[in-house]
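The values are calculated or read from the model by the stated rules, or taken from the named source; none is laboratory data. The structure presented is a predicted model; accordingly, all values stated were derived computationally and were not measured. All Cβ positions, glycine included, derive from the backbone under ideal geometry; neighbour counts span all protein chains shown.
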């Protein structure tokens, strides 16, 4: 896997097109929007927040010493690491495209894009969309809830995990579209920041 840093491009409209996009490729049909995000993304954020509250309420009941304070140094470092984890999530996803894949990284005012045009099967695409948020989102968050540790580390891991989960929520819309729209045996690819499927 090769990672190419293309620097700051200002706006996502300057992302390059996939010149090898098959002519019969079908673009994912975006779900309905709510509050400037798609419905699956919005639902995921709400359910994730609720689940996080359940986890910490249960941990607090069992241990009596779980305290989340988002206004201290641990939470600040968790926020910074969570934001810095965005390109790392992209690199993790890139590994699903194979050893010879090229991952292009672009920076805009609103987001960090990690783009790979190497096609992958439907089931691999779904795993790619789910795994990074589990590894660097849910696992740190759950560890912060169940393992005894100083409050500084609790707040660091909690914030890092929660921020990573929220930032990865946009990929859950892609997973939703793949489940609803991609036929079995189809392949997924992308052009600019949009996903497409086609039959090999």
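A few points about this structure:
- Once region 6-65 is narrowed to residues that are in contact with a helix residue (DSSP H, G or I) (Cβ under 9 Å, 6 or more places away or on another chain) and at pLDDT 80 or above, the residue that is surrounded by the fewest Cβ atoms within 10 Å (Cβ to Cβ) is 29.
- Among (1) in contact (Cβ under 8 Å) with a residue 40 or more places away in the chain; (2) over 26 Å from residue 186 (Cα atoms), the one test that residue 84 misses: (1)
- Residue check, residue 159 part of a helix (DSSP H, G or I), modelled with pLDDT of 80 or more and surrounded by fewer than 17 Cβ atoms within 10 Å (Cβ to Cβ): no
- Qualifying residues in region 71-105 (those that are more than 20 Å from residue 21 (Cα to Cα) and in contact with a strand residue (DSSP E or B) (Cβ under 7 Å, 6 or more places away or on another chain)) - the one surrounded by the fewest Cβ atoms within 10 Å (Cβ to Cβ): 91
- Any hit, region 132-152, residues being touching a helix residue (DSSP H, G or I) at 6+ places or on another chain (Cβ under 8 Å), under 24 Å from residue 104 (Cα atoms) and surrounded by fewer than 17 Cβ atoms within 10 Å (Cβ to Cβ): yes
- Qualifying residue in region 111-131 (condition: loosely packed, with under 15 Cβ neighbours inside 10 Å and modelled with pLDDT under 85): yes
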